[in-house]
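Novice: Sharing a structure here in structure tokens format.
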Amino acid sequence: MKDIWNLQPGTRIVVDANQYGQPIGKEASKLAEFLGTIARTGSICPLNTKHWKHLSKYVLENILRIVHEKFDLQGKVEDSDILSHVGKLRKEFKSTLKTRHYKEMVQEGRRIEEIYENNPPGVHDDQWKWLVERWGTPQAVVQSEKMKESRTKVRYAHTAGNIGYATLNAQFAEKEGREPSRLEQFRFQHLLKDGSDKLNSDAAEQVYVRNKWDEACKMVKDSMPTPESSFMPQDNIVLENEIYTQVFGPDKNGKMLGYGRGMTKSRLFGYGSVTRGSQSTSAISTLIEEMSAKHVEQIQTIQAEQAVREKTLLEEAESRFRTEAAERETRLIAEAEERFMKLTEIQEAKFMEMMDACEKKYKALINECMAKGMSIQFQSSGLDDKAFSSDDDE
């Protein structure tokens with residue numbers, strides 16, 4: 001890609017994109033190849049991080065700056081899609097380095113120092129050392145085995161050369177005046193271009209795909225209506241889409257196979273464009289309105305039920321509170337009466353003790369006073385004790 005790297009300042013390659021923000025046309029292939037050179041250049045896109053999202057903000061901004069200097073994306077392609085594509089190519093480059101320069105040496109039992117010295121051309125020494133150390137960790141080994149297992153579950157690989165699926169779909173739409181069905185996508189993406197409806201050499205190696213394709217062709221043939229029926233072309237698209245889903249199964253993880261890199265269900269059905277099948281924009285709008293009305297009705301029902309539940313819970317809480325308050329009041333009154341009775345008994349007992357003590361005190365005082373008064377009287381009258389006889393009680 002030297003011709004692109006050496007472009008004169010201010011000169012940019014214009015890249016077109018479809019309504020989903022996917023690059024299309026012959027310039028899209030140049031963009032993809034150029035992103036590959038960025039992903040393989042360690043000074044621009046370092047390899048010594050586990051994931052491309054772990055790269056520094058400066059590195060990511062620099063990658064975008066270089067891309068926008070060389071290509072005019074017309075504001076149709078998101079920066080996040082560019083970075084995601086670079087991350088994918090960076091991951092593939094790591095895998096290539098591991099296969100060509102690491103695995104054989106490990107299998108041969110080479111020392112780690114020898115593997116360090118087997119630095120591939122163009123890869124920085126420190127980044128290669130980081131990769132070697134990373135690949136030797138138990139976590140990386142487990143992850144590698146998982147990826148191998150996942151790879152065996154791939155239903156069919158990209159076999160259309162360097163032309164992306166998005167570009168193939170755009171070429172079909174330009175030629176036919178409509179977007180292709182899912183089976184039509186599969187046909188021009190995986191079949192020979194001579195019109196023989198035979199799988200190309202790469203896809204033919206996949207028995208699963210061949211059997212599925214034969215099954216789909218038979219189902220379409222058996223489902224085709226008679227010539228005198230009122231079967232419209234858009235009905236045929238719907239039929240092929242349904243057969244594709246029945247034969248190859250529904251798309252998983254929100255990804256839409258056959259639409260190009262990065263296509264998801266939310267992106268495909270969220271742009272307001274004419275989607276696959278006989279659905280038009282107006283039909284989709286009607287469907288959305290119906291779903292919105294149903295959603296509003298469901299929300300209103302839920303809110304009404306919630307209000308009833310809240311009212312019931314509030315009434316139950318108030319009733320329970322009143323009952324508990326009455327029980328508590330009764331209990332407190334009983335406890336107060338009990339404490340009052342005990343206090344009254346204690347006070348009565350203390351009062352009686354006090355009265356007994358006072359009575360004893362008064363008696364003693366009276367006795368003392370009487371004794372003193374009689375003694376003075378006796379003395380003043382000149383009488384003494386002898387004056388009283390034992391018989392004189394008075």
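Novice: Report, by residue number, each residue of the stretch 39-50 that is touching a helix residue (DSSP H, G or I) at 6+ places or on another chain (Cβ under 6 Å), open to solvent by 30 Å² or more (accessible area, probe 1.4 Å) and over 17 Å from M1 (Cα atoms).
Specialist: N48
Novice: Determine whether E114 is out of contact with any helix residue (DSSP H, G or I) (no Cβ under 6 Å at 6 or more places or on another chain), farther than 22 Å from R40 by Cα and part of a helix (DSSP H, G or I).
Specialist: Working: out of contact with any helix residue (DSSP H, G or I) (no Cβ under 6 Å at 6 or more places or on another chain): yes; farther than 22 Å from R40 by Cα: yes; part of a helix (DSSP H, G or I): yes.
Yes; evaluated as a whole, the condition is true for this residue.
Novice: Looking only at the stretch 330-381, count every residue that is modelled with pLDDT of 90 or more and either outside any helix (DSSP H, G or I) or among the acidic types (D, E) (or both) and tell me the total.
Specialist: Of the residues in the stretch 330-381, 0 are modelled with pLDDT of 90 or more and either outside any helix (DSSP H, G or I) or among the acidic types (D, E) (or both).
Novice: Checking the structure you have, find out if any residue of the stretch 13-26 is out of contact with any Leu (no Cβ under 9 Å at 6 or more places or on another chain) and part of a helix (DSSP H, G or I).
Specialist: So far as the stretch 13-26 goes, yes, one or more of its residues are out of contact with any Leu (no Cβ under 9 Å at 6 or more places or on another chain) and part of a helix (DSSP H, G or I).
Novice: Any idea which of W135, W130 is touching a residue at least 24 places away in the same chain (Cβ under 8 Å) and in contact with a Lys or Arg (Cβ under 7 Å, 6 or more places away or on another chain)? Quick ask: steps written out before the conclusion?
Specialist: Details: W130 fails: in contact with a Lys or Arg (Cβ under 7 Å, 6 or more places away or on another chain).
It is W135.
Novice: Name the one entry in G25, G42 that is farther than 19 Å from W128 by Cα and either β-branched (V, I, T) or touching a residue at least 60 places away in the same chain (Cβ under 8 Å) (or both). Reasoning before the result, please.
Specialist: Details: G42 fails: farther than 19 Å from W128 by Cα.
Residue meeting the stated conditions: G25.
Novice: Okay, moving on. Can we say L89 is touching a Gly at 6+ places or on another chain (Cβ under 6 Å), in a helix (DSSP H, G or I) and under 16 Å from L55 (Cβ atoms)? Write out each step before concluding.
Specialist: Values: touching a Gly at 6+ places or on another chain (Cβ under 6 Å): yes; in a helix (DSSP H, G or I): yes; under 16 Å from L55 (Cβ atoms): yes.
In short, yes.
Novice: Turning to a different aspect of this structure: Could you tell me which of the residues G36, G75 is of a type in the set (G, A, S) and either surrounded by 16 or more Cβ atoms within 10 Å (Cβ to Cβ) or under 13 Å from W5 (Cβ atoms) (or both)? Don't jump to the end; show me each part of the working.
Specialist: On the way: G75 fails: either surrounded by 16 or more Cβ atoms within 10 Å (Cβ to Cβ) or under 13 Å from W5 (Cβ atoms) (or both).
It is G36.
This table checks each residue for (1) within 25 Å of R267 (Cα to Cα); (2) in contact with a Phe, Trp or Tyr (Cβ under 7 Å, 6 or more places away or on another chain); (3) of a type outside the set (S, T, N, Q); (4) outside any helix (DSSP H, G or I).
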{"position": "G10", "(1), (2), (3), (4)": "no, no, yes, yes"}
{"position": "E33", "(1), (2), (3), (4)": "yes, no, yes, no"}
{"position": "T41", "(1), (2), (3), (4)": "no, no, no, yes"}
{"position": "I44", "(1), (2), (3), (4)": "no, no, yes, yes"}
{"position": "L47", "(1), (2), (3), (4)": "no, no, yes, yes"}
{"position": "V59", "(1), (2), (3), (4)": "no, no, yes, no"}
{"position": "I63", "(1), (2), (3), (4)": "yes, no, yes, no"}
{"position": "I66", "(1), (2), (3), (4)": "no, no, yes, no"}
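Novice: Pick from N162, N169, N200: which is of a type outside the set (G, A, S), at pLDDT 70 or above and surrounded by fewer than 18 Cβ atoms within 10 Å (Cβ to Cβ)? Don't jump to the end; show me each part of the working.
Specialist: Numbers: N169 fails: surrounded by fewer than 18 Cβ atoms within 10 Å (Cβ to Cβ); N200 fails: at pLDDT 70 or above.
Of N162, N169, N200, the one residue that is of a type outside the set (G, A, S), at pLDDT 70 or above and surrounded by fewer than 18 Cβ atoms within 10 Å (Cβ to Cβ) is N162.
Novice: Return the residues of the stretch 89-109 that are under 30 Å from Q19 (Cβ atoms) and either at pLDDT below 90 or surrounded by fewer than 16 Cβ atoms within 10 Å (Cβ to Cβ) (or both); say none if nothing qualifies. So that I can check it myself, show each step before the final result.
Specialist: Filtering the stretch 89-109 down to residues under 30 Å from Q19 (Cβ atoms) leaves 89-92.
K91, E92, listed by residue number.
The values are calculated or read from the model by the stated rules, or taken from the named source; none is laboratory data. Remember, it's a predicted structure, so these values are computed and weren't measured experimentally. Every residue, glycine as well, gets a Cβ built from its backbone with ideal geometry; the counts of neighbours run over all protein chains shown. These area figures cover heavy atoms from the full protein model, side chains too; ligands, DNA and RNA do not enter into them. Shrake-Rupley method; radii C 1.70, N 1.55, O 1.52, S 1.80 Å.
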